[in-house]
There are 2 protein chains.
Amino acid sequence: MSACRALRGSNGLLRAVSSPRVARPVVGSLESRRRFTASTRTMSSFYPSWEPEGPSVKTEIPGPKSKAAIAELDEVFDTRSLNMLTDYTKSVGNYIADPDGNVLLDVYAQIASIPLGYNNPALRKAAQSDDMINGIINRPALGNFPPTEWADILKSGILKVAPRGLNQVFTAMAGSDANETAYKAAFMWRRQRERGGPNVEFTEEEMNSAMNNQSPGASQLSILSFKTGFHGRLFGSLSTTRSKPIHKLDIPAFDWPQATFPQLKYPLDQHAAENAAAERAALDEVERLLTTYHVPPCAVVVEPIQSEGGDNHATASFFRGLREVTRRHGVLLIVDEVQTGVGATGRFWAHEHWDLPHPPDMVTFSKKAQTAGYYFGDPALRPNKPYRQFNTWMGDPARALLFRAIIDEVEKHDLVRHTEKVGNYLFGKLEGLAAKYPGEFENLRGKGMGTFIAFDNPRRDQFLAAAKKLGVNIGGSGQSAVRLRPMLIFEEKHADILVEVLEKIVKSW
Amino acid sequence: MSACRALRGSNGLLRAVSSPRVARPVVGSLESRRRFTASTRTMSSFYPSWEPEGPSVKTEIPGPKSKAAIAELDEVFDTRSLNMLTDYTKSVGNYIADPDGNVLLDVYAQIASIPLGYNNPALRKAAQSDDMINGIINRPALGNFPPTEWADILKSGILKVAPRGLNQVFTAMAGSDANETAYKAAFMWRRQRERGGPNVEFTEEEMNSAMNNQSPGASQLSILSFKTGFHGRLFGSLSTTRSKPIHKLDIPAFDWPQATFPQLKYPLDQHAAENAAAERAALDEVERLLTTYHVPPCAVVVEPIQSEGGDNHATASFFRGLREVTRRHGVLLIVDEVQTGVGATGRFWAHEHWDLPHPPDMVTFSKKAQTAGYYFGDPALRPNKPYRQFNTWMGDPARALLFRAIIDEVEKHDLVRHTEKVGNYLFGKLEGLAAKYPGEFENLRGKGMGTFIAFDNPRRDQFLAAAKKLGVNIGGSGQSAVRLRPMLIFEEKHADILVEVLEKIVKSW
């Protein structure tokens, strides 16, 4: 049974707000915060009396306390990418707080990695459990000395939500090494096939050349990725990342190929023919690279929605085509669900939107899972000998336990379906804004994809700064995208606050 | 003040056992376990009433319960590298337990990554703290939204033990990405210097070629590492790892150079001249590669003791020479202290043994630190723009908090000096065994290096299996090394148990 169906089958406690509310920005004033009191009943659907009534901006951000603390931090830790110093003890639910008393609605959520809000009481309970304490203080080398209960932790957690067709996992630490270990599995799988199967021994030449980083021991194979894709920033994953020069400059890279990701035009229904042509051209380019690139690809890695690269979507038809062309050429398909996974698109895994006739060969995960790894199903993806795919920790049971607690909450509150509904509500509101303010909410995208929604704004960076002043923390991606990454506990009332702030920004210009 | 001096200055509570005891193997029988009761007083030096009196082997390992659980686990998780299924809830101090009731003295310690024993009460307290719970349930994107207290967590923890001369840190998840982010810093540093400084902008050609994984944007530079060295298993770190073919086969690698690590002969005092010649030759080879290799090295990475590669030592003189030659050629020196760091060599950092006139440029850490990252001092090692060295999580505050608690305990009990003393005691005993049983404890090494001791045995794998049957969990490394990696709470009484078992093994052959 797929994760999607499993989650949809549960009886959630959710009572979503369906009545549209007209409300004004709620920034800073007590009056405006009181105005939201009427809607606090709806919060009880998840966590009664848990959240503030709305954002509250009291100082510039960073305020004086933050500035002093940032200066101190910068002595020992690079703070130039700092967005907002955060008081996590005062952050609650959808709201992030800073040391100056500012409280913002957070639709960035630690770069899309917080699933259930700050200081979630169910996760707090999990963090206080004996299991968690054991996981923290007795950290195992999972490949050598797994805990007695490791199978149970996996089956009741990570594997309970395994994508359809994939029933095994290799656990990792974060998105980059999840992808890189998946790539390693792909290289070993391909070379084993070329060699003639799992029982064919390595040659002396292979062993000697591998030690010297030369072929044939070090394979001359590649991973094909897509332009504007993002798969991490270590050396192998960065070689497949094509987001921005600043991510790649000066770092040695493998000579691996990139294909054009279809650049869809919006609104989709007005550009159906040319979008279909763009997707067909992209698939043709993939096929050409698979068959002719001078460093042959053994796998294609793709995000269901290119996230860091600017929220670039493609249709289910494109992805079915990608599955078809990779299968036809004996190349693995790795779906990178690091940012899209765990519910935000209205499915537990975004690739469930595609109705694939054959599952991906591997699916990588991290971020909202709070742990990481890759799922696979084909036993041939286990390398033919032990210690080929191995490292000291191979993940972190403490974080695997947290993911289990997250899954339990997602099921209990039916949060995937909830996110689908709230996303539809939010998308409708944004369509209204886009119609009302031409040029400000361009290429609105993510319809039917839960709250995984984005649009372009020509003054994107000022747009994000203005939102912060008005009490909403939003992230950008790509060149001009405003990307919305609410948590799974984001409700219609939060969508209303967000939409009001967005309108206020463009009205003020 | 160096970490070493800081720790040595504290007044530890340690009361080490100095009286030699003659004792027999303590395996399995109640009688033998009773015989150790007399020495349990000494345990009170750290944690009263905490440990069992000795190992206890009740079944074959794996026993029936373990076998059933391993079979279940193997359905979803590769178990071919499994050494021993572990019941962490029953493991205490230096003793590791399994589900069949076997309790072994553990001198492998999760591949050298457990510093203070299983179920350490001080770490339990830290795991139950509000700070830890906050760190678990509110995981930040540290580069964008660091916690208010992040500077304090760093300064009272990771940076409190920073190597002399290195006052900044980039935090990471594990040893591999600690090394890879250090390598990235090295590449950016070198290219910035070649470019003419931090204010010289990237060219269009650089930006475009970087996106296509080609030079000049993707630099044609390398990291020089040593034969039989180990630095991790992701694509960049694996390109510097030269331990065994099985670690590298089929994985694409960068064309980076390797130098010969000096192969010292033992005992050292009988081979002084030829060892010095071997070290001089190795330094000459390094210099030749730095000046002539067709992919110019911008950094040299080296372990203070090659650990996975077989516990290969070099003298302080060699490392001073390495620092000299790297400085002279404008190449960075990265010291990989992932396995050697945090006390086991009788210094907090193993490179403190070298008395370097200039500190390493970067020092990487993980394992016993339970968190990871690299230390640096030169501000030029911060890349010239934000987001060049960045990822979503950039480490884990929960694990940083655990390291802080570890440091507190190390200081409180003066565990670095303790480990130096116990190591000397153990080494003396092993010298006795080596003299008594020629050929069984060959190339005994690690004198004066705390408990970081190893020897070669021609039947190494049988040796380790025999040790396990007799109640001691030991690891191997390289081709024939038996590597001892006790925790920092290993005492002379544990050394006695270990030595008795080692003797029993060779007597039984």
Scan (1) more than 12 Å from chain B (Cβ to nearest Cβ); (2) within 30 Å of B:Gln192 (Cα to Cα); (3) surrounded by fewer than 19 Cβ atoms within 10 Å (Cβ to Cβ) for the single condition A:Arg288 breaks and write down its number. (2)
Just checking, how many residues over segment B:110-135 are more than 8 Å from chain A (Cβ to nearest Cβ) and not in a helix (DSSP H, G or I)? 4
Checking the condition over 12 Å from the mean Cα position of the chain (by Cα) and in a loop (DSSP other than H, G, I, E, B), which residue from A:Gly321, A:Gly341, A:Gly346 passes? A:Gly346
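Sort through B:Asn83, B:Asn138 and tell me the only one that's farther than 27 Å from B:Asp336 by Cβ and facing chain A (nearest Cβ under 7 Å).
B:Asn138
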Every residue from segment A:176-211 that is in contact with a strand residue (DSSP E or B) (Cβ under 9 Å, 6 or more places away or on another chain), at the interface with chain B (Cβ under 7 Å from one of its Cβ atoms) and not acidic (Asp, Glu): A:Ser176, A:Phe187, A:Arg191, A:Met211
Matching entry among A:Lys58, A:Lys65 (being in a helix (DSSP H, G or I) and modelled with pLDDT of 95 or more): A:Lys65
Given the conditions (1) buried (at least 21 other Cβ atoms within 10 Å of the Cβ); (2) out of contact with any strand residue (DSSP E or B) (no Cβ under 8 Å at 6 or more places or on another chain), and given that A:Ser239 satisfies all but one, which numbered condition is not satisfied? (2)
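Can we say B:Arg233 is facing chain A (nearest Cβ under 7 Å), over 30 Å from B:Met132 (Cα atoms) and touching a residue at least 12 places away in the same chain (Cβ under 8 Å)?
Working: facing chain A (nearest Cβ under 7 Å): yes; over 30 Å from B:Met132 (Cα atoms): no; touching a residue at least 12 places away in the same chain (Cβ under 8 Å): yes.
Spelling it out, it is not the case that B:Arg233 is facing chain A (nearest Cβ under 7 Å), over 30 Å from B:Met132 (Cα atoms) and touching a residue at least 12 places away in the same chain (Cβ under 8 Å).
Is it the case, given these coordinates, that B:Asn312 is touching a Leu at 6+ places or on another chain (Cβ under 9 Å), closer than 12 Å to B:Thr260 by Cα and of a type in the set (S, T, N, Q)?
yes
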The lone condition A:His353 fails out of (1) without any contact (Cβ under 8 Å) to a residue 40 or more places away in the chain; (2) assigned to a helix (DSSP H, G or I); (3) not polar (S, T, N, Q) is (1)
In the set B:Ala314, B:Ala299, the lone residue that is crowded, with 16+ Cβ neighbours inside 10 Å, in contact (Cβ under 8 Å) with a residue 40 or more places away in the chain, within 24 Å of the chain's Cα centre (by Cα) and within 25 Å of B:Asp456 (Cα to Cα) is B:Ala314
Pair list, Cβ < 7 Å and 6+ apart or interchain, from segment B:329-344 residues that are at pLDDT 95 or above to residues that are surrounded by fewer than 24 Cβ atoms within 10 Å (Cβ to Cβ) and polar (S, T, N, Q): B:His329/B:Thr291
For segment B:381-396, check the following and say yes or no: at least one residue is part of a helix (DSSP H, G or I), within 12 Å of chain A (Cβ to nearest Cβ) and more than 30 Å from B:Ala495 (Cβ to Cβ). yes
What is the one condition in (1) touching a residue at least 12 places away in the same chain (Cβ under 8 Å); (2) more than 15 Å from B:Lys184 (Cα to Cα); (3) hydroxyl-bearing (Ser, Thr, Tyr) that B:Ser239 does not satisfy? (2)
Filter result (facing chain A (nearest Cβ under 9 Å) and more than 21 Å from the chain's Cα centre (by Cα)) within segment B:148-166: B:Thr148, B:Glu149, B:Trp150, B:Ala151, B:Asp152, B:Lys155
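Here are A:Phe145, A:Phe170: which of them is in contact with a strand residue (DSSP E or B) (Cβ under 7 Å, 6 or more places away or on another chain) and either not hydrophobic (A, V, I, L, M, F, W, C) or not in a loop (DSSP other than H, G, I, E, B) (or both)?
Sole residue among the options that is in contact with a strand residue (DSSP E or B) (Cβ under 7 Å, 6 or more places away or on another chain) and either not hydrophobic (A, V, I, L, M, F, W, C) or not in a loop (DSSP other than H, G, I, E, B) (or both): A:Phe170.
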Scan segment A:245-271 and report the pairs whose first residue is free of Cβ contacts under 8 Å to residues at least 40 places away in the same chain and among the hydroxyl-bearing types (Ser, Thr, Tyr) and whose second residue is in a loop (DSSP other than H, G, I, E, B) and crowded, with 17+ Cβ neighbours inside 10 Å, with Cβ atoms within less than 7 Å and a gap of 6+ or a chain change. A:Thr260/A:Lys227
Selection from segment A:100-109 of residues part of a loop (DSSP other than H, G, I, E, B) and of a type in the set (A, V, I, L, M) yields A:Val107
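The values are calculated or read from the model by the stated rules, or taken from the named source; none is laboratory data. Being a predicted model, the structure only gives us computed values, none of them experimental. Note that each Cβ is placed from the backbone with ideal geometry, even for glycine, and that neighbours are counted across all protein chains shown.
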